[in-house]
Amino acid sequence: MALIALVGATETLPDGGLRALVTVAGETLIERQAARLADVGVTQIAVAVGAVPSELLATCDRIRRRGLTVTPVRSAADLLAMVRADDRLLLVADGLRAGPTHYAAIARPGSPAILVTGDTVLTQGFERIDAARRWGGLANISQPMVAELAAMPGEWDMMLTLLRVAVQAGSRRLYCEPALFEQGEIAIVADRPTAAAIEQSSLQQVEYGGMGFGRSAFLMPLVRLAGPLVVRSPLTARYLPVVTGLLWIAAAALAGSGLAAAGALVAVTGGLGLAAMRFLSAFRAESAAHDRARATIRAFGLILLAFFPWLVSLGGPAPAAPSYSEAALAPCLAAAILLARALYEDVGEKRRFHWLLPDAEQAWIMLAPALLFGIATLMFAILPLLALLQILVWLRFARRPQVQ
């Protein structure tokens, strides 16, 4: 049983361009849709097309380079040839911009399902299902529904007709709150001004990014200042993981050469790269791959923090073992940060005050000046205690009942 997607790419904009090729935050809508589909297990995408302009062909080629099979289809017969009896087909509305949770919800195994929402001013771009509900832009249907469409005489709009078949078959309805449309978390992008408004709203609403005082209080505000440049440039998405990884390797090399302060300063810059990657993952199609790269780089940075005193002492001009306090307390600091992350991930969606928790970025920011002024031993003694204090304070606030 395979999970296949049918993505709409037939609607045009007032200026004649395809709606599917509108750019939001540096990526086309159809590329974002393909990335979200890949995250939920789709490996084959059928693109419902009328005409196939060169720009759409180039975009499909970029999607193929990410490991997905992309096939333009013009009729239900073309689509039926791709779908086996036990396959499931995900419908993605033309011009839809939605979050990963919506794709994950509609892709879960089970009987056919339709994402629906209320009939409000903000949802007028979606197809009406009944007097009170409109389509939310995603649906999960079965192969017999495609076969039923292929057997119908005449020419039909594949996407909307399959939706009608699913509605008439009594498919499950997954409700999506209309408030999400007001927040820009899910929308039909019908023109370029709408795309610009969604991009601006997303830049303003994106979270400061995960756990940690150093990143939330110091690094993410800097990244947000350069937010439009970070998300709009395709080169940023392509090279940021590489540059960030090289920065951390440079930090380790400098420490191994005895240049401890320089290594710590480069590590702070590497932390800024990790924060930029976290910010970028909220917008770009490469978010899943970037998340994996970020996790690997972050793990390397934490290992570097744990063994930093050994690296500096053994790699200096006169190799020697580091002081006992530094050699013992650096791993303790790394362990405290790992504990904070485990607690943060354990609370799931109920996370609160996560900016209070310690992180590696905070440690490097404090270590850099300490190394410059020769008080690294004292700082290595302070940092683990500070980390534990932050965890205790976070536990106190995180367990406080929320005001309804």
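What follows is calculated from the coordinates using simple rules that are stated; it is not laboratory data. It should be emphasised that the depicted structure is a prediction, and the values quoted were computed from it without experimental measurement. Methodologically, a virtual Cβ is constructed for each residue, glycine included, from the backbone with ideal geometry; neighbour enumeration extends over all protein chains shown.
Worth pointing out:
- Under Karplus coefficients 6.51, -1.76 and 1.60, residue-wise ³J(HN,Hα) of the stretch 188-200 in Hz, glycine/proline x: 9, 8, 8, 7, 6, x, 5, 4, 5, 5, 5, 4, 5
- Residue-wise HN-Hα coupling along the stretch 238-248, computed from phi with Karplus coefficients 6.51, -1.76, 1.60 (Hz; x: Gly, Pro): 6, 9, 4, x, 5, 5, 5, x, 5, 4, 5
- Fully extending the segment from Ala226 to Thr161 would add 19.0 nm, taking 0.36 nm per residue of separation and subtracting the current Cα-Cα distance.
- Placing +1 on each Lys and Arg Cβ and -1 on each Asp and Glu Cβ, with no other charges, gives the stretch 23-119 a dipole about its Cα centre of roughly 240 debye.
- Pairs of alpha carbons in the stretch 3-194 separated by more than 30 Å make up 12% of all such pairs.
- Think of the chain as having a plus end and a minus end, set by charges on the Cβ of Lys, Arg, Asp and Glu; of Gly99, Ala46, Ala293, Ala293 sits farthest toward the positive end of this dipole.
- Proxy reagent accessibility, fewest Cβ within 10 Å first, across Thr161, Thr244, Thr296: Thr296, Thr161, Thr244
- Among the GluC sites (Glu not before Pro) found in the stretch 9-59, not one is both in a DSSP coil and sparsely packed, with 13 or fewer other Cβ atoms within 10 Å of its Cβ.
- Quarter of the Cα convex hull surface for the stretch 115-266, i.e. its orientation-mean projected area (nm²): 14.3 nm²
- Stretch in the chain that is longest and holds no trypsin sites (Lys or Arg not before Pro) that DSSP places in a loop and that have at most 11 other beta carbons within 10 Å: 85-398
- 222 nm mean residue ellipticity, helices alone, for the chain (DSSP H n ≥ 4; -39,500 (n - 2.57); rounded to 500): -16500 deg cm²/dmol
- Antiparallel DSSP beta bridges within the chain, as percent of all bridges there, nearest 5: 45 percent
- For Gln44, nonlocal amide neighbours, meaning residues 5 or more places apart or on other chains whose placed amide H falls under 5 Å from its own, are Ala5, Thr69.
- Only Cα pairs under 8 Å and 6+ residues apart enter the sum, and on that basis the relative contact order of the chain stands at 15 percent.
- Rounded FRET efficiency, nearest 0.05, which uses the C-beta distance separating Thr71 from Leu235 and R0 of 41 Å: 0.90
- Checking [x] 0.99; [y] 0.96; [z] 1.07 against Rg/Rh (Cα atoms, Kirkwood Rh) calculated from these atoms, the matching label is [z].
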